[in-house]
Amino acid sequence: MKCKDKCDSCNKFGYCRGYAGKVLCENCIELLENRRINMEGIERIKVLASEVKDKPLLKIIDYLISRTDMSEKYLNEDKNLSQMISFIKSLAKKEAVGNVAFIEDEVVYGWAIHYWDESNESLNLEKAKIEEPKTISTKNESASKPKTKKTTWHAEGQLSLFDMM
């Protein structure tokens, strides 16, 4: 669906549509699609990390970018940063003692490289699933409890605040 709006990328007003979670004009969409086709793996990591603010994750991303030998592996569309984080967390939980894990940076970097180097099937990872919204129960729990008798009171004379409680 096209609508006249401001492009998130070039900030020009024109006919835009939703693309990759943003509102983009046709020119910016075309540029992104051409870049994606010709994109190197390092550039893909940079694009995936463009909105990351988490400092430990940024350290991992910097390490991944420094590994130019892995550029082709980063082009795998089945892989993403959120799944990489989940993979690293799952390995860290295995190392944890009493819900506490101290893991050196080099080990985490190795896990990140391992994630990008192996296929999802060999890592026993599934594609990211879109979770369906949970239905909210319409049953009122208080309806199942027996109701207490309501006491009625009749005002006689001057009322106090305690009479109304």
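Any read-out appearing in this document is the output of simple, stated calculations on the displayed coordinates, not a laboratory observation. Keep in mind that what you see is a predicted model, and the values were worked out from it rather than measured. Glycine gets a Cβ as well: all are built from the backbone with ideal geometry, and neighbour counts include every protein chain shown.
Structural remarks
- The slack in the chain from Asp5 to Leu31, taken as 0.36 nm per residue of separation less the alpha-carbon distance, amounts to 7.5 nm.
- Neighbour net charge for Ala96 - beta-carbon separation under 15 angstrom, K R +1, D E -1: +1
- Within region 69-106, chymotrypsin sites (Phe, Trp or Tyr not before Pro) in DSSP loop having at most 12 other beta-carbon neighbours inside 10 Å: Phe102
- A simple spin-label model places pseudo-atoms 7 Å from Cα toward Cβ; at Asp105 and Asp117 they are separated by 2.0 nm.
- Computed from label points 7 Å out along Cα-Cβ, the spacing between Ala96 and Ala20 is 3.4 nm.
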